[in-house]
Each structure stands twice: as C-alpha cells, then as structure tokens.
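The values are calculated or read from the model by the stated rules, or taken from the named source; none is laboratory data. Since we're looking at a predicted model, the values are computed, not measured. Ideal geometry is used to build each Cβ from the backbone, glycine not excepted, and the neighbour counts take in all protein chains shown.
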Amino acid sequence: MDTYDPHIYEFSAPGKQGVNLPRLDVPEAELPAALLRQDGMNDFPELTEPEVIRHFTRISQRNASPDTCFYPLGSCTVKYNPKLHEEAARYAGFAAAHPLQGDALSQGALRLMYELQQDLGEISGFDAVSLQPAAGAQGEFTGILVFRAYHCHRGDHERTEVLVPDSAHGTNPATAAMTGLKVVEVKSDARGNVDLEDLRSKLSPRIAGMMLTNPNTVGLFEDQIVEICELVHSAGGLMYGDGANFNAILGIAKPGELGFDFMHYNLHKTFTTPHGGGGPGSGAVGCTAALAPFLPGPLVRQGADGRYAFFTPEKSIGRMKAFHGNFGMLVRAWAYIRSMGATGLREVSEVAVLNANYIRARLKDLYPQAVDRICMHETVLKGQIAGAQGVRTLDIAKRLIDYGFHPPTVYFPLIVPEALMIEPTETESKRTLDDFIDTMRTIAREAVEHPDLLHQAPTKAPVRRLDEVRAARQPILRYNAEAFAKLRAERAS
Amino acid sequence: MATNIPTELRYSKTDEWVRVEGAEVVVGISDFAQHALGDIVYLELPSVGAVVQAGASFGVIESVKASSDLNAPVGGEVIAVNNELEASQEAINQDPYGAGWLIRLRPSGDEDELMDAEAYAAHCAERNH
C-alpha cells in the first residue's frame, strides 16, 4: 500500500530552484504596487525539478481511474477512453494550431469542427450545434440563456420559471437560478418518472421551459416523454434535454424527434473524452432551427466553394468561452464517432443497457431496487441489506475500495434513500462485471456477519476513512505549517 | 432505527416541525430528516425581521450527502434565529427538537398542509423502505 503523504511545501527550502533562466538582457521592470498581492499568499514553495516531478508522479500513482480499475460512477458515464484518440489529438496540425492563425490556415481543424457539428446534430435529431460550451453545466447555462433570449425576442418577457424534476442533477436548478429564473420542482411518480398530474398543475404562461434528463437519474426512460413535451409546449415553454445520460439511447432515440428543443452533449461522458481530473470537459449544445439564431458563436459552416469558415448566428447570445471550445476534446469526440460509425454507436447503447441490467438482475435480491423496472444504462439500488445492523450505503461504498473498485455514485438521486447508482458502461467485459457482482455479494454477506469490516473500510487504500464532516466544517484551504503540524501529530497519536 | 416523533408537534411533508408557544411558533427539522441527511455541515437561515411564506423556502441545509431547501411550515415574521447553530450544527443531529431548533416566527395565519404525529409517522414509514 502506498502511504506517500508529504505536502509539497514540506520539501521547500529558500533558494532551491527548478529551472535556470538565462541572464536578463532587457531592463528590469518593476511590477506596479497595485498589482501585487496583499494577502500574504506569496510564499510559493521552492524546489528542484526532480523533487517536483517525483512528488506529482507519486501522487498521480495513487489515483483511481478507468485506466486502473472499474469505475461505475452512475450518472457520470466514466467509460474507457481509447488511446487512439490521444494520438489524433496530438497531431501537430491540431495540437499546435493557434486559435488566431485564421480560417485559411485552419481548414483541417475547421472541417473537423464542422463534421462534429453535423454528426452530433444527426445523432440527436437537431438542426444546429455549437461546440462552444466548456462542460455540461455551461451547456445548460447556454440553453437557458437561449430560451430566455428566444422568449424575449418574441416580446414575451413574463416567462420567469423553469420546471425541474425532483430527480434532476443539481446543476439543473443551479442553472435556472444562475440565469435569474425561478426553479419550480416537479414531483416523480411511483414509477420513478415525471408525475404528469403534478406537471400539469405547474404549467402557466410564466414557464420559460422545463429541464429534463432522459433517461432520468433513476436510470429509467421517461416513457411519457412525448406527452411531457406536448404539455410544456402547449403552455408556451421549451424543453431542455440534459445529455448526461445520452449514452443509453445513441442510435435508438433522438431527443430532437422526441420533442426536445435544446440539449447539451457531455463529450467527456458519452463520447469518450477524458472525464474528471480536469478533463477538460466539453459541453457542446444542439437545438432546433427556431433556436439556432440564438446559439453562441462562432460556429463553422461550409461555403459553396467547399471551404470552411467561422460565423456567428445573427441573434447570438454571444460567446460562452474564449476561442473555439475545448478543441482537443472535439478531436477526440470526432475520432470516436468516426471510428464507431452509426452501427457501432447503437451497439454502445445496447451493451451499456445490457450491462446495467445484468448487474441489476444479479444484485437485486440483496440490494433492493429503487423502482422495480428494467433500467437503462444505470441501475439505482438501495444499500439497505436485510439483516445488516447499522450498515449504510457509505460503508458499502468504502468497502468496495478495499476490493479495488471505484465506488458507484451514492446518495443520489436524492429521492432514493441510501441510493447506490451503478453505471457500468459498455466498455466493461463480462468478467469485470462478474468480479464486481461477486464482490458486492461478498460485501452484503460481510455486512451481516462482520459489519466492522464495512465500518472500518477502507483499510487497503492509501488513506483510511476521511472525516467528511470535519473537512466540510473546518476546511484548511491553503498551506499553513502550524495547522499541518497539528494534523500530523493528531494522525500519529 | 426508531424515529422520534413527539406527539405535541405538527409536521410538514418536507419534514419540518412546528411547535406553538403562545403567540409564537418554533420551527426545526424532524429526527427522520436529520437521520436521512446525515451530519449537517452548513446552514443558511433568514435574518430576524424577514417575512417567510408557508410552503416557501426560508433557508438551506447542507449535509455531507446533499443540500436541501428548508421550507416554512407556516408563514410569518422571523423574530429569532438559532445563532448557536453557526458554531455547532451537530445540535441538529443530536437534538433536532431541542437545541437544534432553527427559527422562531410570529405567525401570519398562513399555513402549509401540516400533519399530526400519527400521520407524519405514516409519511416517514412510507419513505423508509
């Protein structure tokens, strides 16, 4: 077990240097005093280059990632990232392109962006796509800004409410609040879907739109989706599709055809660009022709001469990001779509749904299902094991770490008590799924016979159970030698 | 685990309790709620003098698991806030009906749908399994 644990400041000593800079050959300029930090935050650590490299390499070796273990983080689609895409993204024509070199010198990069816009539009059934947003939440923010711009452009300024189901990702209500609109919660019914009666009661001329994830965060398809869209449209509202769970329906259902007006694609979930660890993400957005004039630019179009050029839609809400989105991620997503093809993408969803149901069917006798239905790409179970005293979902999740698995998402969706949300994705073999299932069954047995094993877990990770309460109540947000010495002493005793 | 539901209080669907004390009411969250949330780590309460509406959010409560709205079971003017909780949110987990109280209101007469202890116990049982 790797117990490497120093803080980089603990190696620091005055005068240590990582890089030898050449002698100054221009007059030294004084920084204006007004630009200097006044908060004392100027004591950067001083280290040699090997110390820095070793420190961060050692820390990186403690990471869990899809390259080191099964990572079934529900609602997050952490799938394997094919290494071929890394090679494509490193081609000098992409990696070394300068965003200001102009359209004429960027035709290859522009063509890739154009084709990705076309492909994402085709996969989702939308007329226009903008690759600007940096990640999913910014895609949501873009969508609601576009809804507002669309309504205001029609002279309708009274639409100040956004409907959000109680099973939604937290980013949905946060997005609505960020745009200055009011969040109105819609309840779920006993089947885990939107409660149509509750939805009807909340429709009014004040509705700007509804934000919905389909399949939803309980891993269930909203089978009344067409009716939901009709209801919201009949009240003059627009439908926002949260694309977090798009991995379940590729090549099978198109949000644009189901009745959605706008959606974001998490390229870092569905389209295998790296997820987590700073990614960066990519939250491209697609929409209907009616909303296309409001999209954030620049977009790419192809002229009659076959050449590609950037343009900004006439009523664009403006840029969401400097330059052209997280371009390296666009290259990886393009590579993924082109290497899978239409048939391959459909198989992705078929296998993702099959894998989730395999886990569901083999675990539901020990871990009750949130809703007794066939699931989509993820299954939501409850960590309520019969006969286990005082064992909670958190203990089960921590025990999984001891067995070498990244835990699934826990305590989400909020409407399911003790939720365990498992999303295996299509990239796992049956053997990996069986190993995980066997481990979950072992843990259920341990929960009854030796609950201490769960309460004390993890025991085989570099750190033991973290004090989440203290971390939230008394966080130490920057290095402080005294506080660190105190923590070390506490840990040693 | 048995949930403590004092019979003299009334409860909202969203798990807040109300205790009438003369012309004033005290509001907090139930034992069921604190148990479901887990350790409370952050709390946002209104200022004294604020007017809250029945059924509307009057604050935010955050645990290691999730962040939730606090909904006012009755409307009225806030006449006191439990400032002790700023330093010791654990009182909500340890003593939700006593030291863990949240706000004191002068009620306006406007009330959300409230339940007695028996109805609330059924409401909790329904969600437990």
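Side notes on the structure shown:
- Exclusive hit being in contact with a strand residue (DSSP E or B) (Cβ under 6 Å, 6 or more places away or on another chain), surrounded by fewer than 18 Cβ atoms within 10 Å (Cβ to Cβ) and not acidic (Asp, Glu), set A:PHE323, A:PHE311: A:PHE311
- On the stretch given as the range A:359-388, residues that are more than 25 Å from the chain's Cα centre (by Cα) and within 23 Å of A:GLY243 (Cα to Cα) total 1.
- Among the conditions (1) without any contact (Cβ under 8 Å) to a residue 12 or more places away in the chain; (2) over 25 Å from A:ILE249 (Cα atoms), the only one that A:ASP372 does not satisfy is (2).
- When the range A:419-453 is limited to residues that are closer than 18 Å to A:THR409 by Cβ and aliphatic (A, V, I, L, M), the one that is farthest from the other protein chains (Cβ to nearest Cβ) turns out to be A:LEU433.
Matching residues to (1) under 23 Å from A:ASN266 (Cβ atoms); (2) small (Gly, Ala, Ser); (3) in the same structural domain as A:LEU267 (by TED's automatic domain parsing):
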position: A:PHE126; (1), (2), (3): yes, no, yes
position: A:LEU131; (1), (2), (3): yes, no, yes
position: A:GLY143; (1), (2), (3): yes, yes, yes
position: A:GLY155; (1), (2), (3): no, yes, yes
position: A:GLY170; (1), (2), (3): yes, yes, yes
position: A:LYS182; (1), (2), (3): no, no, yes
position: A:ASP189; (1), (2), (3): no, no, yes
position: A:LEU196; (1), (2), (3): no, no, yes
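- Residues in the range B:49-65 that are touching a Phe, Trp or Tyr at 6+ places or on another chain (Cβ under 6 Å) and within 11 Å of chain A (Cβ to nearest Cβ): B:GLU62, B:LYS65.
- Counting only residues that are in a loop (DSSP other than H, G, I, E, B), of a type in the set (Ser, Thr, Tyr) and touching a helix residue (DSSP H, G or I) at 6+ places or on another chain (Cβ under 8 Å), the range A:275-327 holds 3 of them.
- Restricting attention to the range A:371-398, the residues being outside any helix (DSSP H, G or I) and under 11 Å from A:LEU420 (Cβ atoms) number 9.
Residue-wise test of (1) in contact with a helix residue (DSSP H, G or I) (Cβ under 9 Å, 6 or more places away or on another chain); (2) farther than 17 Å from A:HIS151 by Cβ; (3) surrounded by fewer than 24 Cβ atoms within 10 Å (Cβ to Cβ).
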residue	(1), (2), (3)
A:VAL194	yes, yes, no
A:ASN214	yes, yes, no
A:THR217	yes, yes, no
A:GLN224	yes, yes, yes
A:GLY236	yes, no, yes
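- Residue that is more than 23 Å from B:ASP116 (Cβ to Cβ), in contact with a helix residue (DSSP H, G or I) (Cβ under 9 Å, 6 or more places away or on another chain) and within 14 Å of chain A (Cβ to nearest Cβ), where the choices are B:ASP69, B:ASP39: B:ASP39
- B:LYS65 vs. criteria in contact (Cβ under 8 Å) with a residue 60 or more places away in the chain, of a type in the set (D, E, K, R) and over 20 Å from B:GLU77 (Cα atoms): no
- Taking the conditions (1) touching a residue at least 24 places away in the same chain (Cβ under 8 Å); (2) within 24 Å of B:CYS124 (Cβ to Cβ) in turn, B:VAL81 satisfies each one other than (2).
- Comparison of A:GLU46, A:GLU51 shows that the only residue that is touching a Gly at 6+ places or on another chain (Cβ under 7 Å) and surrounded by 14 or more Cβ atoms within 10 Å (Cβ to Cβ) is A:GLU46.
- In the set (1) over 16 Å from A:LEU363 (Cβ atoms); (2) within 14 Å of chain B (Cβ to nearest Cβ); (3) more than 27 Å from the chain's Cα centre (by Cα); (4) hydrophobic (A, V, I, L, M, F, W, C), A:VAL391 fails one condition alone, (1).
- One residue alone among A:ILE374, A:ILE359 is farther than 18 Å from A:VAL78 by Cβ and aliphatic (A, V, I, L, M), and that residue is A:ILE374.
- Test: A:ARG58 is among the basic types (Lys, Arg), at pLDDT below 95 and in a loop (DSSP other than H, G, I, E, B): no
- Residues in the range B:84-104 that are touching a residue at least 40 places away in the same chain (Cβ under 8 Å) and part of a loop (DSSP other than H, G, I, E, B): B:GLN89, B:PRO96, B:TYR97, B:GLY100, B:TRP101, B:LEU102.
- Residues of the range A:250-274 that are of a type outside the set (Gly, Ala, Ser), farther than 16 Å from A:LEU330 by Cα and in contact with a helix residue (DSSP H, G or I) (Cβ under 6 Å, 6 or more places away or on another chain): A:LEU250, A:ILE252, A:LYS254, A:PRO255, A:LEU258, A:PHE262, A:MET263.
- All told, A:ALA89 falls short of being loosely packed, with under 13 Cβ neighbours inside 10 Å and assigned by TED's automatic domain parsing to the domain that holds A:THR272.
- Pick from the range B:83-129, criterion more than 30 Å from A:PRO368 (Cα to Cα) and aromatic (Phe, Trp, Tyr), ranking: nearest to the other protein chains (Cβ to nearest Cβ): B:TRP101
- A:ARG392 vs. criteria under 29 Å from A:ASN172 (Cβ atoms), touching a residue at least 60 places away in the same chain (Cβ under 8 Å), surrounded by fewer than 22 Cβ atoms within 10 Å (Cβ to Cβ) and in contact with a Gly (Cβ under 8 Å, 6 or more places away or on another chain): no
- Among the residues making up the range A:397-418, those that are more than 21 Å from the chain's Cα centre (by Cα) and more than 14 Å from chain B (Cβ to nearest Cβ) are A:ARG399, A:LEU400, A:ILE401, A:ASP402, A:TYR403, A:GLY404.
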